[in-house]
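Data first, discussion second: the structure below is written as structure tokens.
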Amino acid sequence: MFRKALVIPVALLVTAYIPAFAQSVAATPPMGWNSWNHFAGKVNDADVRAAADALVSTGMRDAGYIYVNIDDTWQGERDASGVLHPNSKFPDMKALADYVHSKGLKIGIYSSPGPQTCAHYAGSYGHEEQDAKTYAEWGMDYLKYDLCSFREIMRKEAPGDPQKAFAMQKAAYEKMHQALVATGRPILYSLCQYGLNDVWTWGTDVGGNAWRTTGDIADNYTSMSRIGFGQAGLSKYAVPGHWNDPDMLEVGNGGMTDDQYRQHMTLWVILAAPLLAGNDLSKMSPATLAILTNKEVIAVNQDPLGKQGDRVSALGMSEIWAKPLSGDAKAVALFNRSDKATPVTLHLSEVGFDGNAKLRDLWQGREVKATGGAYTVTVPAYGAVLLKVSR
């Protein structure tokens, strides 16, 4: 008996392919460097090449920082065919990408679903497929897609109708996602829309490998701690291939103490957040480099189990957070949010262990011991202690 061949629509094949595609570029939280926090609108080709060189020479590449991401202000004009060209700061994007790749690194770029970026350069509105194709031809590996001027379109086309505006936002991000997939090049897709409409509940649906959960971070303790500790309760939305993103690292930019930066790094590690350094890599202090490259600390963030941590307890200005790790272990962070050194006690039963558990202080790189099923340590002002607890 003759049977007709089963024909599967291309759209279904693409949809079935998305999870594997996502995990291939973000099986663990992405790590790298982004130009905005230090260079902002002044970034140029030489700065990006220098950042790539520094990632190699400082050992950051070997510690896991592989993305070199160009943020806003690289865009020039579109030609008669609508193809977007870089401005004079970036004379040859393909050559720049080739240089970064030659260092064993990957390169990222920035755009917006609106007609303009946040810095009023050309966005991708109406040119999504064209721009995705251009990025792929240049050899880009990462796209940060910043909502920016698309909010004006939502306000204009959906006044007083938040549901319609939300649908427009999702459609705009899905449109670029499909354009990226169509290129055939694995490009990590980072949604930058400030946590609007609880993006953690739908970011995966539009192909996001990471999505911003907050507004922009600033290089001060108030901003960092408000954002970092405000991530409590979001852990269930992070899985391999799809990560909550509380914004880039400010470590080394000068606005906080080393203890505050250590708390910053500890929080982002426990949160399984993308680790995108934003400092001047050519002028790092030994303390900054040590914070950014502690391999035992980074291993918590990059643990293959792919679980985000969450708050266990909060007492006064002290908090304890825990993150499940592979091998039936946990990372446990003890935070002091006060301006005075404070003893913090971890009761091992709080995190599912008994008194026989092994404890290792990851910042100190040494084994420590619990007494009577508890471990007490004095945590510096605005500081953190990060433990690995195992059976």
Which residue, of V312, V251, is modelled with pLDDT of 95 or more and either buried (at least 20 other Cβ atoms within 10 Å of the Cβ) or in contact with a Gly (Cβ under 7 Å, 6 or more places away or on another chain) (or both)?
V251
Could you grab the pairs with beta carbons closer than 9 Å, sequence gap of 6+ or different chains, first residue in segment 78-98 and assigned by TED's automatic domain parsing to the domain that holds V43 and free of Cβ contacts under 8 Å to residues at least 12 places away in the same chain, second one surrounded by fewer than 13 Cβ atoms within 10 Å (Cβ to Cβ) and assigned to a strand (DSSP E or B)?
H85/E77
Does T134 meet the test of being touching a residue at least 24 places away in the same chain (Cβ under 8 Å), of a type outside the set (K, R) and outside any helix (DSSP H, G or I)?
no
Could you check segment 346-391 for strands (runs of 3 or more DSSP E) lying wholly inside it with 3 or more residues that are touching a residue at least 12 places away in the same chain (Cβ under 8 Å), within 30 Å of G255 (Cα to Cα) and not hydroxyl-bearing (S, T, Y)?
384-390
Quick one: would you say T293 is at pLDDT 95 or above, of a type in the set (V, I, T) and more than 25 Å from V251 (Cβ to Cβ)?
no
May I ask you to verify whether K340 is in contact (Cβ under 8 Å) with a residue 24 or more places away in the chain and within 22 Å of Q231 (Cα to Cα)?
no
Which one is farthest from the chain's Cα centre (by Cα), of the residues in segment 125-178 that are farther than 21 Å from G215 by Cα and buried (at least 23 other Cβ atoms within 10 Å of the Cβ)?
D131
Can you spot a residue in segment 245-255 that is in contact (Cβ under 8 Å) with a residue 40 or more places away in the chain, assigned by TED's automatic domain parsing to the domain that holds H127, within 15 Å of K144 (Cα to Cα) and not β-branched (V, I, T)?
yes
Could you check how many residues of segment 324-345 are assigned to a strand (DSSP E or B) and either more than 25 Å from the chain's Cα centre (by Cα) or more than 22 Å from E296 (Cα to Cα) (or both)?
4
So, in segment 304-320, exactly how many residues are of a type outside the set (G, A, S) and more than 11 Å from I270 (Cβ to Cβ)?
4
Output the qualifying pairs, or none if there are none: Cβ atoms under 6 angstrom, residues six or more apart or on different chains, first residue in segment 100-116 and touching a residue at least 40 places away in the same chain (Cβ under 8 Å), second residue basic (K, R).
Y110/K144
Picking from T288, T266, which residue would you name as being in a helix (DSSP H, G or I), surrounded by fewer than 24 Cβ atoms within 10 Å (Cβ to Cβ) and not assigned by TED's automatic domain parsing to the domain that holds A341?
T288
Restricting attention to segment 69-89, does a residue exist that is part of a helix (DSSP H, G or I), in contact with a strand residue (DSSP E or B) (Cβ under 6 Å, 6 or more places away or on another chain) and modelled with pLDDT of 95 or more?
no
Somewhere in segment 326-341, is a residue surrounded by fewer than 24 Cβ atoms within 10 Å (Cβ to Cβ), of a type in the set (V, I, T) and not assigned by TED's automatic domain parsing to the domain that holds N37?
no
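The values are calculated or read from the model by the stated rules, or taken from the named source; none is laboratory data. All values reported here derive from a predicted model rather than from experimental measurement. Every residue, glycine among them, receives a Cβ derived from its backbone with ideal geometry; neighbour counts consider all protein chains shown.
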